[in-house]
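To start, the structure itself, in structure tokens.
The values are calculated or read from the model by the stated rules, or taken from the named source; none is laboratory data. Quantities reported herein were computed from a predicted structural model and do not represent experimental measurements. A quick note on method: Cβ atoms are made from the backbone with ideal geometry, for glycine too, and the neighbour counts reach across all protein chains shown. The accessibility values were calculated without ligands, DNA or RNA, using every heavy atom of the protein model including side chains. Shrake-Rupley method; radii C 1.70, N 1.55, O 1.52, S 1.80 Å.
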Amino acid sequence: MRRPCYRAGVGTTLIDSRSPSRAAAPVTAPIEARWLGRMDYRGAHALQKHLVDERAAGRIGDRLLLLEHPPVLTLGKHSDPAHIVAAADELDRRGITIEHIERGGEVTYHGPGQLVAYPIVRLHERGLLLRPFVRALEAALVATCAAHDVAAQRRDGHPGCWCDAGGTEPRKIGALGLRIERGVSYHGIALNVTVDLGDFHLIDACGMPGVLSTSIARELGDLEARPSTASVERAAWIFARSFAAAIDAPLSIPS
């Protein structure tokens with residue numbers, strides 16, 4: 001039996017036991033989005049942790065970090081390393097590192113040509129519970145694909161974004177994995193824009209052998225597309241606007 005990408009269960013995957021169980025009256029403060037370009041995973045993770053501390057203390061407002069990573073595999077805290085199917089020397093040859101992190105879920109690949117978005121959001125202040133927040137992220141993924149003329153959908157039991165989700169050959173185009181600490185979200189989504197899909201053969205994506213990965217470029221028939229930071233930035237701002245609308249928040253873009 002195949003497991004979903006992020007197994008349900010308080011305290012083990014998407015949310016921890018210190019998260020609010022009820023939504024408060026919503027606020028309408030803006031969410032500030034920043035494009036960070038290509039950023040190494042450890043640096044981005046450290047930045048997230050710092051912003052979570054600041055947001056939990058009320059010293060800053062909500063943030064949305066938009067970026068892409070150099071090639072890296074991330075393992076959730078309960079993930080099975082056996083789902084990395086490539087040998088260590090193959091990863092070394094490709095310059096791909098492995099990071100063990102505190103989110104839920106199985107192994108995930110990040111790399112050039114893939115949009116990564118990290119929402120640092122204090123959920124209860126926006127009147128949000130976890131499930132609607134996940135749905136908002138999925139809706140923004142779907143909207144970003146649609147803006148590129150790619151049809152995508154959410155898929156029950158498999159958080160993220162899929163092409164032909166209900167068909168005979170569902171293809172994963174976007175991943176989703178969150179953690180909530182002190183009521184503040186971090187980690188987030190990854191959307192394949194012009195990423196090298198060959199790197200997904202190094203893993204069982206979502207811990208599911210045989211899952212097919214795709215990208216916006218592949219769905220548009222551009223089989224020669226190369227990873228492009230410019231393409232990721234264009235997708236990033238579409239995602240930011242769509243996500244802000246989905247949680248009914250004004251979007252702030254610092255100059």
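Observations
- Just one of the numbered conditions (1) closer than 14 Å to residue 243 by Cα; (2) in contact (Cβ under 8 Å) with a residue 60 or more places away in the chain; (3) not in a loop (DSSP other than H, G, I, E, B) is not true of residue 132: (2).
- Among the numbered conditions (1) in contact with a strand residue (DSSP E or B) (Cβ under 7 Å, 6 or more places away or on another chain); (2) farther than 16 Å from residue 239 by Cα; (3) open to solvent by 10 Å² or more (accessible area, probe 1.4 Å), the only one that residue 157 does not meet is (1).
- Selection count, region 198-213, where residues are crowded, with 19+ Cβ neighbours inside 10 Å and over 15 Å from the mean Cα position of the chain (by Cα): 5
- Top-ranked residue of region 40-68 - restricted to ones that are surrounded by 15 or more Cβ atoms within 10 Å (Cβ to Cβ) and small (Gly, Ala, Ser), ranked as nearest to residue 193 (Cα to Cα): 44
- On inspection, residue 129 passes the criterion of being more than 21 Å from residue 213 (Cα to Cα), in contact with a helix residue (DSSP H, G or I) (Cβ under 8 Å, 6 or more places away or on another chain) and at pLDDT 85 or above.
- The residue of region 162-187 that is surrounded by the most Cβ atoms within 10 Å (Cβ to Cβ), among those that are modelled with pLDDT of 95 or more and farther than 20 Å from residue 83 by Cβ, is 185.
- Selection of first residues in region 32-54 that are at positive phi and of second residues that are open to solvent by less than 60 Å² (accessible area, probe 1.4 Å) and among the hydroxyl-bearing types (Ser, Thr, Tyr), restricted to Cβ pairs under 7 Å at least 6 apart or on distinct chains, gives the following pairs, ordered by first then second residue: 37/229.
- Of all residues in region 89-123 being farther than 19 Å from residue 191 by Cα and at pLDDT 95 or above, the one that is surrounded by the most Cβ atoms within 10 Å (Cβ to Cβ): 121
- Any chance residue 127 is touching a Pro at 6+ places or on another chain (Cβ under 6 Å), buried (at least 19 other Cβ atoms within 10 Å of the Cβ) and not hydrophobic (A, V, I, L, M, F, W, C): no
- Screening residue 235 on (1) among the aliphatic types (A, V, I, L, M); (2) closer than 24 Å to residue 169 by Cα; (3) modelled with pLDDT of 95 or more; (4) crowded, with 18+ Cβ neighbours inside 10 Å shows it passes everything except condition (2).
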